[in-house]
Amino acid sequence: MKKLIIGAVVFAGWLAASIAFAVVGTSSSETEGSQFVVLTVKEDAVKDYNTMPVFQDLAKDTGIDVKWIYNTSTQYSNNTDPVGIKNIDAIYHSGFTNLQLYQYGSRNRIAKIDEYLTVMPNFSAILNKRPDIKEALKSPDGHIYSLPRVEEMGLKQYPNILYLNKAWVNKLIDNGQLPEGVSLTADDLKNGLDLTRNQFKAILGKFQSLDMDGDGDSTDEIPLTFLSGNWQGNESDLIASFGVPENREHKTIVNKKVTFTFEDENWLKAVQELHEWYDQSLFRPTVMEQTDNDFLAKGQDGHYGSFYWWEKDTVLKKDIRDDYIIVKPLIDDETGLRHVGISNELEVEKGAAVILETCEDKEGLLSYFDHFFEPKISAQLNYGSIKSGAFLPELVGGKLIPNPDHGEQSADDFRMKNAPYGVVYLTAEEWEKSVEMEPRAKLRLENLEHYVKPYSYAESENPAERAEAIPNLNYTKEQLTTLNIYERSLSDAVALWYATAVRKGGATVKSWQKMLKDNATAIETVKSINQSAFDAYEQAISGGKTNA
């Protein structure tokens with residue numbers, strides 16, 4: 001009987017969790033005789049997995065024949081029970097939540113991976129060496145039901161950098177059109193520019209009203225843009241400038257207490273101000289709904305006056321990248337302080353792959369996946385194969401060295417076409433001894449150290465303000481069930497109120513208090529459960545017993 005592995009390719013911010021499957025696009029004759037058949041969600045721009053050298057080489061090295069076939073994300077999202085598809089052995093990039101992993105696992109629908117560690121020397125060694133990863137992967141019954149993605153670079157907690165079009169600002173300077181209260185010279189326009197929020201707003205106002213790009217039309221400029229609620233390039237740092245440790249989930253740890261930022265009056269002030277910016281067309285309605293691709297396409301030719309994003313090289317063509325500089329986190333005009341929140345994006349992610357209980361050869365399949373944890377395999381899964389040009393052909397000091405030249409295409413474009421992502425293991429140790437970090441990643445780390453992290457709530461001298469990301473938490477069965485009831489409804493309610501308030505106004509104290517009151521039970525329940533799990537996590541990492 002044919003065996004199907006289902007997979008998902010996750011791009012730039014790694015596609016969101018629910019992707020579902022149906023077997024399409026490959027006939028039985030094409031897969032007949034294959035030891036394993038892999039179904040993966042793949043965009044048209046991504047190369048055929050079967051032609052990717054990393055998988056071809058794995059087939060030669062392991063003697064395991066894997067055939068990759070494809071599906072769309074829409075088909076998967078419409079499937080309420082992907083584990084129930086016949087003849088499936090595994091789901092790659094399942095995106096299953098903690099609750100889904102536990103429910104499928106406890107009902108014997110996906111395999112207990114921890115029971116097959118004897119055929120997984122690489123993964124077993126990781127669990128022994130990194131008890132924090134082992135704890136993160138456990139379900140309430142203590143079993144591990146998924147293989148992880150581990151990429152430790154120190155980047156994901158700060159997913160936003162604010163960039164400003166210095167060419168446009170120079171034009172304002174040359175034409176004597178700088179707004180009142182803004183005194184800048186051409187020499188000031190370099191990375192690390194200091195601006196208060198009101199100064200920044202005034203500059204955006206000029207961008208909006210004048211023909212900054214010189215095309216004879218003063219209405220096509222985009223003063224500021226971002227992707228609202230996206231994992232990167234979102235508005236969290238703009239909201240944080242009001243004195244609230246914001247992230248896209250509106251949830252963080254402050255002084256060891258689980259906190260919702262939307263309960264803070266400063267958050268309400270930020271929403272009120274964002275509506276004013278929206279009303280003045282300083283940013284467009286598209287920020288609330290555009291995709292990554294929309295955002296990147298519009299930015300290539302320098303149509304943005306400013307934007308929040310991971311790095312500017314992804315957004316801009318090579319010949320205009322020097323026109324944009326980094327602005328430090330905006331200074332609050334009332335307090336004179338600047339703040340940056342902490343993202344909850346984790347460097348250890350669950351759900352990268354699950355094995356179905358119906359798989360007839362779990363040992364063989366898991367022994368194949370175990371090779372994914374080898375540093376040089378992980379690097380190629382994450383960035384593209386050596387033979388595809390992702391790395392230099394020769395090792396230097398025993399390390400893979402990224403190829404800095406991909407021609408006219410950006411590093412992200414190359415990576416999206418050539419890298420399957422998924423199950424990888426790239427830690428600080430591996431960056432040190434096995435794989436050289438990309439030059440752009442090194443540059444981003446330097447930029448964060450200089451221009452962002454010093455103003456993070458994590459660095460606050462006041463313990464009462466010190467914030468930190470929510471780590472991988474373990475929950476009991478009852479907690480997971482309760483969270484499933486309340487978290488989604490709370491998230492939807494806050495998102496609806498926020499979007500309406502930004503676009504249409506109405507972010508009054510009264511409407512805000514009503515939103516909090518209507519969701520009071522969900523707010524307190526979610527906080528209480530997460531606090532209990534966080535306290536248990538703190539005890540575990542300090543040497544106490546865990547709740548798993």
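Looking only at residues of the range 349-372 that are open to solvent by 10 Å² or more (accessible area, probe 1.4 Å) and within 23 Å of residue 152 (Cα to Cα), we find that the one that is nearest to the chain's Cα centre (by Cα) is 349. Scanning the range 115-127 finds one or more residues that are in contact with a helix residue (DSSP H, G or I) (Cβ under 7 Å, 6 or more places away or on another chain), open to solvent by less than 10 Å² (accessible area, probe 1.4 Å) and assigned to a loop (DSSP other than H, G, I, E, B). If you go through the range 293-302 and pick out every residue that is in a helix (DSSP H, G or I) and buried (at least 19 other Cβ atoms within 10 Å of the Cβ), you end up with 3. Of the residues screened, residue 257 is not one that is surrounded by fewer than 18 Cβ atoms within 10 Å (Cβ to Cβ), closer than 20 Å to residue 196 by Cβ and not β-branched (Val, Ile, Thr). Is it the case that some residue within the range 264-284 is more than 28 Å from residue 534 (Cβ to Cβ), in a helix (DSSP H, G or I), modelled with pLDDT of 95 or more and in contact with a Gly (Cβ under 7 Å, 6 or more places away or on another chain)? Yes: the range 264-284 contains one or more residues that are more than 28 Å from residue 534 (Cβ to Cβ), in a helix (DSSP H, G or I), modelled with pLDDT of 95 or more and in contact with a Gly (Cβ under 7 Å, 6 or more places away or on another chain). Could we say that residue 523 is closer than 24 Å to residue 268 by Cα and either modelled with pLDDT of 95 or more or under 26 Å from the mean Cα position of the chain (by Cα) (or both) here? Criteria met by residue 523.
Restricting 281, 241, 228 to residues that are open to solvent by less than 30 Å² (accessible area, probe 1.4 Å) and in contact (Cβ under 8 Å) with a residue 40 or more places away in the chain narrows the list to 241. Of the numbered criteria (1) within 22 Å of residue 429 (Cα to Cα); (2) at pLDDT 95 or above; (3) part of a loop (DSSP other than H, G, I, E, B); (4) open to solvent by 40 Å² or more (accessible area, probe 1.4 Å), the one residue 158 fails is (4). The set of residues from the range 459-498 being open to solvent by 50 Å² or more (accessible area, probe 1.4 Å), among the polar types (S, T, N, Q) and either at pLDDT 90 or above or part of a helix (DSSP H, G or I) (or both) comprises 481, 484, 489, 491. Suppose we keep only residues that are among the acidic types (Asp, Glu) and not in a loop (DSSP other than H, G, I, E, B) within the range 223-263. Which one would you say is farthest from residue 515 (Cα to Cα)? The qualifying residue farthest from residue 515 (Cα to Cα) is 237.
Name the residues in the range 111-143 that are of a type in the set (Asp, Glu) and over 20 Å from residue 541 (Cα atoms), would you? Correct list: 114, 115. Just name the residue that is nearest to residue 393 (Cα to Cα) out of those in the range 415-439 that are assigned to a loop (DSSP other than H, G, I, E, B) and among the charged types (D, E, K, R). In this case the residue turns out to be 436. Could you say which residue among 141, 89 is modelled with pLDDT under 95 and either of a type outside the set (Asp, Glu) or open to solvent by 10 Å² or more (accessible area, probe 1.4 Å) (or both)? It is 141. Scanning the range 396-407 for residues that are loosely packed, with under 15 Cβ neighbours inside 10 Å and out of contact with any Pro (no Cβ under 8 Å at 6 or more places or on another chain) returns 396, 397, 398, 405, 407.
The values are calculated or read from the model by the stated rules, or taken from the named source; none is laboratory data. Everything numeric here is computed off the predicted structure, so don't read it as measured data. Note that each Cβ is placed from the backbone with ideal geometry, even for glycine, and that neighbours are counted across all protein chains shown. For the accessible areas, the whole protein counts, side chains as well, though only heavy atoms, and no ligand, DNA or RNA atoms are used. Shrake-Rupley method; radii C 1.70, N 1.55, O 1.52, S 1.80 Å.
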